[in-house]
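These notes concern the structure reproduced below.
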Amino acid sequence: MQSPSDPSPAALRILVVEDDAQLSALLARQLSGLGYTVEAVSDGRAAITTLGKAQFDAILLDRLLPAIEGVEVLRRIRAEGVETPVILLTALGLTQERVEGLEAGADDYIVKPFEIDELNARIRAVLRRRSAPAADNATLTAGDVTVSVLRHRVTRAGKPIELQKTELKLLAELVREAGSVLSRKMLIERVWGYDFVPTTNIVDVHILKLRQRLEMPGLPDPIATVRGVGYMFRA
Amino acid sequence: MPRRRLRSLGRIAIAFALALSATTALAGVGVYLALLDAIDHQVDLRLQGEARELLEGGAGVPEIVRRIARESSERESADIGFLLRDSLGERIAGNIAPAHPLPIGVSTVTDDAAIPGLSRGRAWVKQLPGGETLALVAESEPIDQHDHKRGRILAIGFGAVMTLLLIGTFALIRAIRINIAAIGGTAEAIIDGDLRARVPVERPGSVFGALAVTFNRMLDRIGELMTGMRSISNDIAHDLRTPLARLHGRLAALADMPEAAPVREELADAVAESEEILAIFAAILRITEIEGGERRAGFERLDLAALAADVAEGLALLVTESGRTFVAPAPAVAVPVEGDPRLLTQLIVNLIENAVTHTPVGTTIRLDVRRDGDRALLSVADDGPGIAPAERDRALRRFGRLDASRHTRGHGLGLPLALAIARLHHGTLALEDAEPGLRVALRLALAG
């Protein structure tokens, strides 16, 4: 599930700020299971104190916290110059909340309930964005595939491939994040721009088509299915 | 409806003014006649008394003549006209000369008698035993030119009353109109989803103020109930979704374990089911959020035709790969509307997904956006089995899944969600007959 290019999770420290003790424990166990080093606190004040003492690579911040609300915690730590990537956890996922969270300085937003793999994919994505921001949009390359978004041109092993607009956007997203897992929800947000989850298997249908289009005799399938999560372009 | 009510208010006022004028006029005439009658009676009594004095003791003509002379000069009876004529009609004594003979008995005298200084009076005439006639005449007008002056007084008084009445009535109508409009406007705002709207209260002590206060208290109560309901859904979301999420997570983790191999399929089904329950929660919360109306803050001017074309682009493959035909003509003209692009996107996605889910393979699905008069019309039509007219309302209701679709995928909230989005945009969502098949039509106001 991890790509070779990602740093080992053992080196990565995650702060979990969640007041639901059971969920917090489950999260800590699952993240530790993936190899992260996890510290958990149960309220906003403790989060601010902890962040003043130690460095973290990412923060999972519940939106609904006793004493100081999650978004307020976020505003305060951003005001203090803490640049650590923050993923907000929310029970409701209302658009207004989402916008408010992102404006307060969140890097991403995940609606409870989520699967640990979905969360892992998003943690990876925010870390990647921090380490290599603003990837060149004009031409993306991974393995033997090259995507030129602006010129709407795709080649595999030097041969041109015809793609529809949505297929090209999907491929560009996969290639840009080659080696990392992108969940279906992340793809829905990034490629289709929906802030809701469609009831049909729209992502899978497009991946299937993309695989057919990219298929070449003697060459392997460049897209890996990560069961229960999403897809990954093999780097 | 409110305008018609206000117009009828004007009609009520006019009818009221007319009825009041008629009543006032009738009452005026009645009072006038009664007054004249009372005065006549009074004058008659006086004339009879005077005559009794003249004739007292069976006085003869010379004595009567003497008494007439005396009475004519006395202050008390100087205003009475006397006339004594002999049996041939020749004047014997008196101070009046009526132009025509006065009838025996009591009668009314008018200008026709040409008695100076008398425009209306009463006459008392009696034939004496010797054949002479004695006539006494007195004014029965309370003042000179009574009718004329009284007419003027009445006209001025009546006019003043009517003017005041009209001003009062129109002020009242205006007050009622303003207050009804304020209450109506607030009600409209509530219907539109602005649950914080309240009727402005200027004077809490007045009737309208009290009504506004009561109305607002009712709205507060409704608001409390709504907040209660909303916090129940939020509580459900929070308190049920979290354990459900844990359950879902554990099931998924279980399915990944090597020991789960024999029951992996069962576990996958359980995971899928828990996902569906969670999707229902998400949809309910989404509808609640949309119905709250707060999303209107994010409205912007957009081209519905271009937006629909984008959605069509993203979903075309889904429709065709499902074995259905998708027809979505490229937009020819811009169809500008005011709206939330994300929600309108969701609406169109829902309609197309709905068509894919509830029609057999081989169905053709058409997406169309056009201007329809002063409205924007977006429709998604299929040539599938359609929905019977009687069942269309239910299909738009929350959890109103039709029996025919009970075993297909989806949570039955797609159309209700689309309806909520249409309403947020002050638009309508109608299920129509595509002959054959179902057409779902969204109508919105075109942006100017």
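The values are calculated or read from the model by the stated rules, or taken from the named source; none is laboratory data. This structure is a prediction, so every number in the text was calculated from the model and none was measured. Reconstructed Cβ throughout: ideal geometry from the backbone, glycine too, with neighbour counts over all protein chains shown. These area figures cover heavy atoms from the full protein model, side chains too; ligands, DNA and RNA do not enter into them. Shrake-Rupley method; radii C 1.70, N 1.55, O 1.52, S 1.80 Å.
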Only one of B:ASP37, B:ASP86, B:ASP79 is of a type in the set (D, E, K, R), closer than 24 Å to B:ASP147 by Cα and over 60 Å from the mean Cα position of the chain (by Cα); which?
B:ASP79
Which residues, taken from the stretch B:286-306, are in contact with a helix residue (DSSP H, G or I) (Cβ under 8 Å, 6 or more places away or on another chain), open to solvent by 50 Å² or more (accessible area, probe 1.4 Å) and within 11 Å of chain A (Cβ to nearest Cβ)?
B:GLU294
What single numbered condition from (1) modelled with pLDDT of 85 or more; (2) open to solvent by 20 Å² or more (accessible area, probe 1.4 Å) fails to hold for B:ALA93?
(2)
Specify the residue that is farthest from A:LEU170 (Cα to Cα); the eligible residues are those in the stretch B:331-351 that are within 13 Å of chain A (Cβ to nearest Cβ) and surrounded by fewer than 20 Cβ atoms within 10 Å (Cβ to Cβ).
B:PRO341
Return yes or no: is B:THR364 open to solvent by 10 Å² or more (accessible area, probe 1.4 Å), out of contact with any Cys (no Cβ under 8 Å at 6 or more places or on another chain) and within 14 Å of chain A (Cβ to nearest Cβ)?
no
Please verify whether B:THR227 is more than 23 Å from B:ARG286 (Cα to Cα), β-branched (Val, Ile, Thr) and away from chain A (no Cβ under 14 Å), treating the condition exactly as stated.
no
Top-ranked residue in the stretch B:62-89 [being of a type in the set (D, E, K, R) and outside any helix (DSSP H, G or I); ranked as surrounded by the most Cβ atoms within 10 Å (Cβ to Cβ)]:
B:ARG85
Quick one: in the stretch B:43-61, of everything that is without any contact (Cβ under 8 Å) to a residue 60 or more places away in the chain and assigned to a helix (DSSP H, G or I), which residue is farthest from B:SER73 (Cα to Cα)?
B:LEU45
Hey, A:GLU167 acidic (Asp, Glu) and open to solvent by less than 20 Å² (accessible area, probe 1.4 Å) or not:
yes
Inspect the stretch A:19-29 for any residue being open to solvent by less than 40 Å² (accessible area, probe 1.4 Å) and away from chain B (no Cβ under 14 Å) and give the result as yes or no.
no
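Is it the case that the stretch A:187-202 has a residue that's more than 13 Å from chain B (Cβ to nearest Cβ) and at pLDDT 90 or above? Walk me through it before giving the result.
Our first condition is that a residue be more than 13 Å from chain B (Cβ to nearest Cβ); within the stretch A:187-202, this holds for none.
Scanning the stretch A:187-202 turns up no residue that is more than 13 Å from chain B (Cβ to nearest Cβ) and at pLDDT 90 or above.
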Hey, could you check the stretch B:307-330 for residues that are surrounded by fewer than 19 Cβ atoms within 10 Å (Cβ to Cβ) and touching a strand residue (DSSP E or B) at 6+ places or on another chain (Cβ under 9 Å) and say which is nearest to the other protein chains (Cβ to nearest Cβ)?
B:ALA316
Between a residue in the stretch B:10-38 that is over 12 Å from B:MET162 (Cα atoms) and any residue that is polar (S, T, N, Q) and outside any helix (DSSP H, G or I), which pairs come within a Cβ distance under 8 Å, given they are 6 or more apart or on different chains?
B:LEU36/B:SER140
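Looking at B:ALA160, B:ALA210, can you tell me which residue is open to solvent by less than 80 Å² (accessible area, probe 1.4 Å) and under 21 Å from the mean Cα position of the chain (by Cα)?
Details: B:ALA160 fails: under 21 Å from the mean Cα position of the chain (by Cα).
Within the list B:ALA160, B:ALA210, the selection yields B:ALA210.
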Residue hits (the stretch B:376-385; of a type in the set (D, E, K, R) and in a loop (DSSP other than H, G, I, E, B)) are B:ASP383
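Do the conditions hold for B:VAL201, that is, is it of a type in the set (Val, Ile, Thr), more than 14 Å from chain A (Cβ to nearest Cβ) and within 30 Å of B:ARG423 (Cα to Cα)?
Working: of a type in the set (Val, Ile, Thr): yes; more than 14 Å from chain A (Cβ to nearest Cβ): yes; within 30 Å of B:ARG423 (Cα to Cα): yes.
Answer is yes for this residue.
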With the requirement that a residue be within 16 Å of the chain's Cα centre (by Cα) and within 7 Å of another protein chain (Cβ to nearest Cβ), what does the stretch A:157-186 give you?
none
If I go through the stretch B:261-285 residue by residue, how many of them are within 12 Å of another protein chain (Cβ to nearest Cβ) and of a type in the set (Asp, Glu)?
2
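Conditions tested, residue by residue: (1) closer than 30 Å to B:ALA59 by Cα; (2) touching a His at 6+ places or on another chain (Cβ under 9 Å); (3) free of Cβ contacts under 8 Å to residues at least 12 places away in the same chain.
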site	(1), (2), (3)
B:PRO101	yes, no, no
B:ASP112	no, yes, no
B:ILE115	yes, no, no
B:GLY121	yes, no, no
B:VAL137	yes, no, no
B:ARG150	no, no, no
B:THR163	no, no, yes
B:THR186	no, no, no
In the set A:LEU127, A:LEU94, the lone residue that is under 19 Å from A:ARG190 (Cα atoms) and in contact (Cβ under 8 Å) with a residue 60 or more places away in the chain is A:LEU127
Name the single residue, out of those in the stretch A:203-215 being surrounded by fewer than 17 Cβ atoms within 10 Å (Cβ to Cβ) and facing chain B (nearest Cβ under 10 Å), that is farthest from B:LEU347 (Cα to Cα).
A:LEU208
Among the residues of the stretch A:92-116, how many are more than 8 Å from chain B (Cβ to nearest Cβ) and either in a helix (DSSP H, G or I) or among the hydrophobic types (A, V, I, L, M, F, W, C) (or both)?
10
Those residues of the stretch B:179-202 which are at pLDDT below 85 and either surrounded by fewer than 14 Cβ atoms within 10 Å (Cβ to Cβ) or of a type in the set (Ser, Thr, Tyr) (or both), in sequence order
B:ILE191, B:ARG196, B:GLU202
State all residues of the stretch B:72-121 that are acidic (Asp, Glu) and touching a Pro at 6+ places or on another chain (Cβ under 8 Å); if no residue qualifies, say none.
none
